[in-house]
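For reference, the structure is listed below as structure tokens.
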Amino acid sequence: MPRRFYTPQEKAHAIADMAACRNNAGVVSNATGIPRPTLIAWKQGENGAASPEVQELVAKECSNLADMFQHEAEQALLLAGYKRKDASYKDLMSSAGMAAEKSRLLRDLPPPSKPQNKLTDDELMDKILSKVNERKGDADTPASDD
């Protein structure tokens, strides 16, 4: 079988996918068909993956993925108030949490710290719904001409 050559864009996309999957080369290999050893080599900067061109593309790809996951988290929270017909509230909250975590991973942000004052479930729900309502209010407010 002939050896496959990958473009800098393909390498960057795969490296960004690995960042979103906590560097799990097996998951990315199964999703992309790129051999696991190749992914590991790229993550270690081998085979041209350390070039400035690829690193710049990786940064852009990670930023794009982080934005996408952040948007998905926000949408899941917004839809949670309406409980989509095809998704349970629990599913929407799980999706929001996973998307938010991936967004943080891709931005190299540390994990959120544990809150000092633990809220009850009702207090937490009130806080979440208040944020959702704030965002809905912001979306309904027309932009000023300033």
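Scalar couplings 3J(HN,Hα) for segment 2-19, obtained by applying the Karplus form with A = 6.51, B = -1.76, C = 1.60 to θ = phi - 60°, are x, 6, 8, 10, 10, 6, x, 5, 5, 5, 4, 4, 5, 5, 5, 4, 5, 4 Hz; x denotes Gly and Pro. Approximating the spin labels as points 7 Å out from Cα along Cα→Cβ, the LYS43-to-SER130 distance works out to 4.1 nm. Neighbour counts of C-beta atoms inside 10 Å place THR32, THR38 in the sequence THR32, THR38, starting with the fewest.
Here the label points at MET68 and ASP86, each 7 Å from Cα along the C-beta direction, are separated by 1.9 nm in the simple model. Note on GLU123 and GLU56: the extension gain reaches 19.8 nm, defined as 0.36 nm multiplied by sequence separation minus the Cα-Cα distance. With neighbour counts taken as other beta-carbon atoms within 10 Å, the residues ARG22, ARG135 rank, fewest first, as ARG22, ARG135. Here GLU61, GLU53, GLU10 are placed in order of increasing Cβ neighbour count within 10 Å, fewest first, which gives GLU53, GLU10, GLU61.
A short reminder: the numbers here are calculations on the coordinates, not readings from a lab. As the structure is a computational prediction, the values presented were derived from the model and not from experiment. Because the Cβ atoms are built from the backbone with ideal geometry, glycine has one as well, and the counts that use them run over all protein chains shown.
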